[in-house]
Amino acid sequence: MKRIFLIVTSVLIALSSYSQMTKEDITANYFIEYQKDPLAAYGKLFSNNKWMASQQSTIETNKIKLKDLLDQLGSYHGVEFITEKQAGPSYILKSFLAKYDRQPVRFTFILYKPKDTWLLQNVIWDVDVDVELKEAAKIDRLRANWE
């Protein structure tokens, strides 16, 4: 009986602390798990968002797409923060660069705090960072010509 009580108590403590995660905790925990197992980390991402419970088939499809991408990139070498943008204090975009042998992968997280708990609303990954860098360089080149 004591053992069951300890297990139930441990689970409740874990769940309550998970629901109290900050927006920093969500992304930091993701990349800690990602380093060990990227697909398992992705599978856990939406676990505190009850609205995503019905989207398990989409999550599984995205895991397959992520696996296909990562299989082509070589070894993982860590993550770098890119930027954070806000559309008010309760709706935030955070972007990170996961470094691989072949090329980086950008992960963009959309986080939403409807009341008192941060939820991951969406995560997008892409490998098009170079396109945006080239576009930014063009604008900088134009500015330099004007000065």
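The values are calculated or read from the model by the stated rules, or taken from the named source; none is laboratory data. Here the structure is a predicted model, which is why all the values come from computation and not from measurement. For neighbour counting, all protein chains shown are included, and Cβ atoms are generated from backbone atoms with ideal geometry for every residue, glycine included.
Candidates are the residues of region 110-138 that are in contact with a Leu (Cβ under 6 Å, 6 or more places away or on another chain) and of a type in the set (Phe, Trp, Tyr); the one that is surrounded by the most Cβ atoms within 10 Å (Cβ to Cβ) is Trp118.
In region 82-106, the residues that are at negative phi and loosely packed, with under 15 Cβ neighbours inside 10 Å form Cβ pairs under 6 Å with partners that are aromatic (Phe, Trp, Tyr) and at pLDDT below 95, at six or more places apart or across chains, as follows: Tyr91/Tyr112. Sub-7 Å Cβ pairs linking a first residue in region 44-72 that is part of a helix (DSSP H, G or I) to a second residue that is surrounded by 12 or more Cβ atoms within 10 Å (Cβ to Cβ) and small (Gly, Ala, Ser), at least 6 apart or interchain, are Ile59/Gly43; Lys63/Gly43, ordered by first then second residue. On inspection, Val79 passes the criterion of being outside any loop (DSSP other than H, G, I, E, B) and modelled with pLDDT of 75 or more. Looking at Asp37, is it exposed (fewer than 11 other Cβ atoms within 10 Å of the Cβ), charged (D, E, K, R) and at pLDDT 90 or above? No; evaluated as a whole, the condition is false for this residue. In region 85-101, the residue that is farthest from the chain's Cα centre (by Cα) out of those that are more than 15 Å from Trp118 (Cα to Cα) and either modelled with pLDDT under 95 or not in a loop (DSSP other than H, G, I, E, B) (or both) is Tyr100.
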